[in-house]
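Enquirer: Take this structure first; my questions come after.
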Amino acid sequence: MNTTSPLERVLRGIAITLVILFFMFPIFWIVLMSFQTNATILQVPPSIFFEPTLQNYRGLITGQLVTDTSSLEIKFMGNLFNSLFLSTTSVAVGLVLGVPAAYAFARLKFRGSEDIAFTLLSFRFAPPLLVLLPLTIYFQQLGLANTYGGLIWVYQLIVLPLILWIVRGYFEDIPADIEYAYRIAGHRWWTTFRKIALPLAGPGIAAAALLAFIFAWNNFIFALVLASADKQPVTVGALAFITASGVQYGQIAAGIILSIAPTFALALYAQRYLVEGLSLGAVKG
Amino acid sequence: MSDVSTGAPPRRRFKVSRRMLPYVLSLPALLVCIGILIPFFTAVLYSLQRYRLSQPWARKFNWGENYLNFLSDSSFWNTLKVSLTYAFATVGIELLLGLGIALLLQKRSRFNNFVSIMLLMPLMTAPALAALMWKLMTNPGFGILSYFADLLGFTNFNWASDPQTAMLTVVIVDVWVYTPFIMILLLAGLRSLPQQPFEAAALDGVPRWFVFYRITLPMLTPFLLTAVLFRVIESIQQFDIIYAMTQGGPGDSLTVFQVEAYLNFFQSTNVGRSAALMMILWAITFFLSNIFIKNWLRLRERQRGEA
């Protein structure tokens, strides 16, 4: 594979350029739109040269959508907060529930352990609406409808399997002898878990948490079905925002950019672990 | 394992909890999920009932009637057709494109690593937001892609608002979001392959297409299967992109399973039909995910063995 003809190199170059163009152009274009006024967005032909404005972002952050004719209140910052709160709390709960379970599955093989682990995994693949539709009725009866608590609970369906299977792999990679040695030295199980297993699996736990956060942040259907406006995360809020703001396209673009920036940042930070996370711990990057 | 632990300082309380320990550790996670399993059984019941939210008095078991009705229900067959078309089109294109890009980026170099990280950005975009991005770009008034289509001679190319091209549009969005998923898994797979067969083939002057079909592809198969099955399972359940883009329209051109069930539940308030639709989708995904999990486990074991 080392001998490449000039022709091949040119073809490869073209192919890579096309690939980058297709995958990067939408992001590039929406970023441009977010710095434009409606007047420049509606210009035909479209141009990449314009006077950039921050008014879209300012409007979103201050929560006042000011147009020539009226002023409209927008709650986009509230959606952003909901996304942050729901994702962070779901991951925290997922870690508290998932890490000990992952340790049990990795270290303390017990009767039914594999069955339970696979049952938890299979949640990842069931159609979400199958559960969500009856859940709307139950949540109303239980008073969980449109509460953060109810949403965080349902978010465990995405967060838990991910944490469980990634962290399990990391626990399995720790040589059991280290733990035994520590135990033989007279330490209790809990101390061993805290002082030996947890720190050694630390990077894996962090990676699982970051990925779970990204998946929770990007989720759409749970909140669409179970939350109303004041509890909705950005994915659902942005959709409502389009109908509410009518034709403020620059603002919609700015809202999209603000909503995807956090996951991009986390993904860049956690890129080493992405492959492992996306394959639920099967493939190492 | 437990032999070693009995070597620890003898403490009665400890020994008892030792046997219970794994259950104590895994039970909370399980309980949280079981809470969510109950609605699953409720959905089974709903699917066997005549149940409309608008006519609660007429609610009763009609057993298999919801399912039997599907046989003569053209909109059900449309749902099945649209879902399968979507799944095959998206995963087919994503597989070819993802494999192609992975091969392009296979060599470890600073540039290739940079590109592969950049290409992950669409995958990190929430699918619903990705659909909105493309909606802005295909807007007939100012969308850049509508403008390009115009330049290329496709006047009045209406993207998602035309039943003729709606499927094409959502497939493009799906390809944009999920191709990097297949690409990144295959890239990891390609880079983990042992080098000896390739070196031997190069020494013998074996043509490269032959190397690709006889060495690369067979060795890559576990990765391909895992990536493709994963995508098929997700794709046949796609909701976010389609709902955010067109809410299943125009007409019934994009009413895939989950969108149709959602509309049945919230618009026509036909809970029974909605639940029956979801049960059929569940049966399909259950079948697929069993195959997937077998492959995924084999790959997991193998990768762990090498690590």
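Any read-out appearing in this document is the output of simple, stated calculations on the displayed coordinates, not a laboratory observation. Model, not experiment: these values are computed from the prediction. So basically every Cβ, Gly included, is an ideal-geometry build from the backbone, and we count neighbours across all protein chains shown.
Enquirer: For A:LYS231, list the aspartates and glutamates whose Cα falls under 18 Å from its own Cα; do not include residues on the same chain fewer than 8 positions away.
Expert: Within the straight-line limit of under 18 Å, A:LYS231 reaches these aspartates and glutamates: A:GLU73.
Enquirer: Another question about this same structure. Working only with C-alpha atoms, what are the Rg and Dmax values of the range B:31-139, expressed in angstrom?
Expert: 22.5, 68
Enquirer: State which entries of B:LYS60/B:LYS81; B:LYS81/B:LYS294; A:LYS284/B:LYS294; A:LYS75/B:LYS135; A:LYS109/A:LYS195 exceed 24 angstrom in Cα-Cα distance in the structure shown. It would help to have the intermediate numbers written out before the result.
Expert: On the way: B:LYS60/B:LYS81 30 Å; B:LYS81/B:LYS294 27 Å; A:LYS284/B:LYS294 18 Å; A:LYS75/B:LYS135 22 Å; A:LYS109/A:LYS195 21 Å.
In this structure, B:LYS60/B:LYS81; B:LYS81/B:LYS294 lie more than 24 Å apart at Cα.
Enquirer: Where does the longest stretch of chain B lie that holds no chymotrypsin sites (Phe, Trp or Tyr not before Pro) found in a DSSP loop with 14 or fewer other Cβ atoms within 10 Å?
Expert: The longest such stretch corresponds to B:155-307.
Enquirer: How many nm is it between the label spots at B:LEU203 and A:ALA240, if each spot is 7 Å from the Cα in line with the beta carbon?
Expert: Between B:LEU203 and A:ALA240, the label points sit 6.7 nm apart.
Enquirer: For chain B, count the residues as N, evaluate 2.2 N^0.38 Å, and divide the Cα radius of gyration by that value, please.
Expert: 1.29
Enquirer: Can you compute the modelled spin-label distance between B:LEU217 and A:PHE25, with each label point 7 Å from Cα toward Cβ, in nm?
Expert: 3.0
Enquirer: Using 5 Å bins from zero, what percent of all Cα-Cα pairs in chain A falls into each bin?
Expert: 1, 5, 10, 12, 13, 12, 11, 10, 9, 7, 5, 3, 2, 1, 0, 0
Enquirer: Next question. Evaluate the distance, in nm, between pseudo-label points positioned 7 Å from the Cα of A:GLN64 and of A:THR119 along their respective Cα→Cβ axes.
Expert: Distance between the two pseudo-spin positions: 5.6 nm.
Enquirer: Please identify the longest segment of chain B free of exposed trypsin sites (Lys or Arg not before Pro), where exposed means a DSSP state other than H, G, I, E or B and no more than 11 other Cβ atoms within 10 Å.
Expert: On the way: sites that count: B:ARG11, B:ARG108.
For trypsin sites (Lys or Arg not before Pro) (loop position, at most 11 other Cβ atoms within 10 Å), the longest site-free span of chain B is B:109-307.
Enquirer: Averaged across orientations, what area in nm² does the convex hull of the alpha carbons in the protein assembly as shown project? Walk me through the numbers before you get to the answer.
Expert: Details: hull surface 128.3 nm².
Over every viewing direction, the Cα hull of the protein assembly as shown projects on average to 32.1 nm².
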